[in-house]
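Here's the structure we're looking at; comments come further down.
The values are calculated or read from the model by the stated rules, or taken from the named source; none is laboratory data. Since we're looking at a predicted model, the values are computed, not measured. Methodologically, a virtual Cβ is constructed for each residue, glycine included, from the backbone with ideal geometry; neighbour enumeration extends over all protein chains shown. Areas reflect the complete protein model, heavy atoms only, side chains present, ligands, DNA and RNA absent. Shrake-Rupley method; radii C 1.70, N 1.55, O 1.52, S 1.80 Å.
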Amino acid sequence: MRLDDLLSQLPENYRPIENHGNGDITGLSLDSRKIKPGYLFAALPPSTDSGLDGCDFISQALKAGAGALLVPAGKDISDCEPQVPVITSPNPRQVIALMAAAFSAQQPENLVAITGTNGKTSVATFTRQIWEKLGHKAASLGTLGLYPPQPNAPAALTTPDSIELFTCLKGLSEQDFTHLALEASSHGLDQYRLDGLKPKAAAFTNLSQDHLDYHKDMESYLQAKLRLFENLLPEGGTAVLNADMLEFDQIRSICEKRKHKIISYGHNISDLQVVEQRPTTDGQELKLSLFGKTTHLKLTLTGSFQAGNIMASVGLALGCGASLPAIVDTLPKLSGVPGRAEKVGTSAKGGTVYVDFAHTPDAVEAIINALRPHTRKKLSIVVGCGGDRDPGKRPLMGGIADKLADRAYITDDNPRSEDPASIRAQAMSAAPNAIEVNDRRKAIFKAVSDLNDGDLLIIAGKGHESGQIIGDKVLPFDDRDVAREAIAATLQEENSGTDIKNETGVTNGT
Ligand SMILES: CC(=O)N[C@H]1[C@@H](OP(=O)(O)OP(=O)(O)OC[C@H]2O[C@@H](n3ccc(=O)[nH]c3=O)[C@H](O)[C@@H]2O)O[C@H](CO)[C@@H](O)[C@@H]1O[C@H](C)C(=O)N[C@@H](C)C(=O)N[C@H](CCC(=O)O)C(=O)O
Ligand SMILES: Nc1ncnc2c1ncn2[C@@H]1O[C@H](COP(=O)(O)OP(=O)(O)OP(=O)(O)O)[C@@H](O)[C@H]1O
Ligand SMILES: N[C@H](CCC[C@H](N)C(=O)O)C(=O)O
Ligand SMILES: [Mg+2]
């Protein structure tokens, strides 16, 4: 594609402020290590103080045959002596995303985006399932990667970088996927990874503390998420908003200014209202008021929070033109989300074990409250906190686990570059009755072996993850596999009388 043609496809007010020369562009990349001859290299500024500066890799990109450069306005790159067209912009992250969207030129027609602190993966998964049951060729993209899985699909981030994202959307379009539900993380929105997206509908699930290591404060966190409704959802799109959110009125007025069609949902009075919820042994029974019409529904999904997520999915499917009765008919057939309130098994003494992805204070509270009705005796939780993530969450998560569960085991999650003992100490600081276990595997084995008949254990924080990030290594670790091993050990102990408690590394508590 000619560079001029590519630039001419950008929205007028996003045109780069300077453009020196023309040429054929064979591809785009924001990583010098992926440059091929004729590619345009976007030299992006770091998104955090500790990030790298893409401009430090311009020479490397030119050596690899870059045919054009996009650099931050005002950046002096004369020492690189580029002999190729140089585009400059005050916001190269946004421009490269818009270029990627124009270069790919295709995205599934019925595209929806979900943002919010918790529930994005769940809503994206349920929305895809609804569409599949309505006969559409549908995909979902986010923390669980691309579903249905494909080779070379984005997998590292919840919201991929703009080049990966729009390349993926083009591929889905070429394979006749007509529907896509994707997760719009606050990092992704803040870094303009999704700019150029043409969603028909967008949902906001909730806002609570997370990622303050990156956004610095809740207002900045909210503003990043609001970009989805203020900038990305085209005017007149469908905004699916959680009426239970404190920020509901604020978000609704932003959407009204953009002439979005608003579909509200939640326990409060709303278009898609959850009026009553009753947990059952195999899920839950709901009484709904859908645009004022009472509807009774049985879900096989565990977790009261999933009722709200399902309503968000209903709103998104409505926003893409499906009929409400047809959508409602699919709901009893929806299946659970991997690693979200996922039942793993039952220990020898009759304790039930679940794995969940709760890794924020609000989610820890939500999952405990969701599974309490399924607990005949004591509810236990194994939880840790991620390293190189918002440290403010740690005492909050530890405190909520200690307060709401009958037994709380504080252990490691993904320590990353931090000292695991220090992370545990921060969580323990608000959890006086919790048991600290200095190794996740040992914590799971101890918690499972402590279960008695009628007890229930939640192993929280890692959900679907298949690795534990310690330092710069990712060690194989799947909570579900370890839980199954621990359950098997209790069965073996019962049969042979050995005691698996000696597997544990308990440092205090009972
Ligand atoms: C903190 C953060 O979001 N960082 C993102 C950001 O990196 P950065 O700008 O900070 O700095 P950098 O990646 O070190 O390098 C800067 C630039 O130099 C380029 N570079 C770098 C090295 C090189 O040899 N050549 C080169 O060209 C890089 O491609 C990059 O464009 O821009 C990069 C390019 O788009 C992203 O890959 C990177 O995501 C990192 C890997 C990351 O871990 N992000 C996490 C925190 C994240 O985004 N999480 C969200 C949250 C999920 C949720 O909880 O909802 C997600 O969407 O997954
Ligand atoms: N609507 C909700 N309200 C509160 N907590 C929720 C809700 N939905 C899910 N959760 C909790 O949050 C956890 C993560 O859910 P999910 O993976 O759907 O969220 P997410 O927004 O995709 O998370 P991430 O930002 O890490 O990708 C669940 O395992 C559950 O504990
Ligand atoms: N178990 C992970 C969950 C967070 C994953 C993702 N939401 C992110 O923040 O990178 C952790 O706490 O390390
Ligand atoms: Mg997610």
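Side notes on the structure shown:
- Distance between the modelled labels on Ser253 and Ser8, one decimal in nanometres: 4.3 nm (7 Å Cα→Cβ projection).
- Relative contact order %, the chain, counting alpha carbon pairs below 8 Å whose residues are six or more apart: 10
- Cβ-placed point charges (K, R +1; D, E -1), dipole of segment 198-357 about Cα centre in debye, nearest 20: 440
- For q = 0.12, 0.18, 0.20 Å⁻¹, Debye-computed log10 I/I(0) when each Cα of segment 128-216 counts as one equal scatterer: -0.38, -0.84, -1.01
- Counting only residues at least eight positions apart within a chain, or on another chain, the aspartates and glutamates with an alpha carbon under 14 Å from that of Lys137 are Glu109, Glu174, Asp176.
- Compactness index (Cα Rg / 2.2 N^0.38 Å), segment 185-258: 1.05
- For segment 350-403 versus segment 175-219, the spacing of their alpha-carbon centroids is 24 Å.
- Fully extending the segment from Lys63 to Ala156 would add 30.8 nm, taking 0.36 nm per residue of separation and subtracting the current Cα-Cα distance.
- Three-way shape label, segment 6-64, alpha-carbon gyration tensor, a/c 1.5: oblate
- Options Ile262, Leu10, Leu30, ranked by Cα towards positive dipole end of the chain, top entry (Cβ charges): Ile262
- Assuming charge only on the beta carbon of Lys and Arg (+1) and of Asp and Glu (-1), the dipole of segment 115-204 about its Cα centre is about 280 debye to the nearest 20.
- Centre-to-centre, using Cα atoms only, segment 269-291 and segment 61-122 are separated by 43 Å.
- In the chain, a dipole from Cβ-located charges (positive for Lys and Arg, negative for Asp and Glu) runs towards its positive end, and of Ala443, Ile459, His296 it is His296 whose Cα lies farthest in that direction.
- Cα-based helix-to-principal-axis angle, 304-319 vs the chain, degrees rounded to 10: 30
- Shown here is the pair-distance distribution of segment 1-149: with all Cα-Cα distances grouped in 10 Å bins from zero up to the longest one, the shares run 11, 33, 27, 21, 8, 1 percent.
- Taking segment 124-240 and dividing mean pair separation by its residue count, relative contact order in percent (alpha carbons under 8 Å, at least six apart): 24
- Within the chain, DSSP assigns beta bridges of which about 40% are antiparallel (rounded to the nearest 5).
- Accessible surface of the chain, 1.4 Å probe: 50 percent of it comes from carbon and sulfur atoms.
- Model label points for Asp439 and Lys298, set 7 angstrom from Cα along the Cα-to-Cβ axis, are 4.5 nm apart.
- Of all beta bridges that DSSP places with both ends in segment 126-250, some 25 percent have antiparallel geometry.
- Think of each Lys and Arg Cβ as +1 and each Asp and Glu Cβ as -1; about the Cα centre, that makes the dipole of the chain roughly 1200 debye.
- Within the straight-line cut-off of under 28 Å between alpha carbons, the lysines reachable from Lys442 are Lys343, Lys349, Lys377, Lys378, Lys393, Lys403, Lys462, Lys473, Lys501, sequence neighbours fewer than 8 places apart in one chain being disregarded.
- Acute angle (nearest 10 degrees) that the helix 361-371 long axis makes with the longest principal axis of the chain, alpha-carbon atoms: 50
- Highest mean first, the peptides 61-74, 121-134, 162-175, 397-410 sorted by other C-beta atoms within 10 Å per residue fall in the order 121-134, 397-410, 162-175, 61-74.
- In segment 335-474, the DSSP beta bridges split such that about 25 percent are antiparallel, to the nearest 5.
- Semi-axis lengths (Å, descending) of the ellipsoid that matches the C-alpha gyration tensor of segment 93-163: 21, 15, 12
- The peptide list 355-364, 320-329, put in order of mean Cβ contacts within 10 Å with the highest first, becomes 355-364, 320-329.
- Semi-axis lengths (Å, descending) of the ellipsoid that matches the C-alpha gyration tensor of the chain: 42, 29, 19
- Alpha-carbon Rg with Dmax, taken over segment 312-457, Å: 17.6, 53
- Links that overshoot a 30 Å alpha carbon limit, given the list Lys261/Lys287; Lys133/Lys198; Lys216/Lys287: Lys216/Lys287
- Beyond 21 Å, the tail of the calculated P(r) for segment 192-312 holds 46 percent of the Cα pairs.
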